[in-house]
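Heads up: the structure comes next, in structure tokens.
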Amino acid sequence: MNKKLCRSKNQFVAGVCAGFADYMGWDYTFVRLIYALLTFISFGAGLIIYLTLWIIMPVEE
């Protein structure tokens, strides 16, 4: 089975974190928490990464 990384329809903002959580088989809340912490620690660099992934990642079918 080939998994494809895509934005999830179980979204809070754009579905990037939820799509990554689905792909890895992790909990949505865990991924969102890790993302928030990394964004805070990196002084907002996570926001640029999130916006880039929002544009690049296809939406789940």
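The values are calculated or read from the model by the stated rules, or taken from the named source; none is laboratory data. Since this is a predicted model, take the numbers as computed values, not measurements. Backbone-built Cβ (ideal geometry, glycine too); neighbour counts: all protein chains shown.
The C-beta contact set for the range 1-12 (first residue closer than 9 Å to PRO58 by Cα and modelled with pLDDT of 80 or more, second residue surrounded by fewer than 13 Cβ atoms within 10 Å (Cβ to Cβ) and not hydrophobic (A, V, I, L, M, F, W, C), distance under 9 angstrom, 6+ apart or interchain) comprises LEU5/PRO58; CYS6/PRO58; CYS6/GLU61; ARG7/PRO58. Close Cβ contacts (under 7 Å, 6 or more residues apart or on different chains) running from residues in the range 48-60 that are without any contact (Cβ under 8 Å) to a residue 40 or more places away in the chain to residues that are among the β-branched types (Val, Ile, Thr) and loosely packed, with under 12 Cβ neighbours inside 10 Å are absent. If the condition is being closer than 18 Å to GLU61 by Cα, in contact with a Phe, Trp or Tyr (Cβ under 8 Å, 6 or more places away or on another chain) and among the aliphatic types (A, V, I, L, M), then the range 14-50 contributes ALA14, VAL16, ALA18, ALA21. ASP22 meets the stated requirement of being of a type in the set (D, E, K, R) and either within 11 Å of the chain's Cα centre (by Cα) or surrounded by 13 or more Cβ atoms within 10 Å (Cβ to Cβ) (or both). Screening the candidates ILE48, ILE34 for the property of being over 11 Å from the mean Cα position of the chain (by Cα) and of a type in the set (A, V, I, L, M) yields one hit, ILE48. Just for the range 27-46: of the residues that are under 19 Å from LEU5 (Cα atoms) and among the hydrophobic types (A, V, I, L, M, F, W, C), which one is surrounded by the fewest Cβ atoms within 10 Å (Cβ to Cβ)? Only one residue fits best here, namely PHE30.
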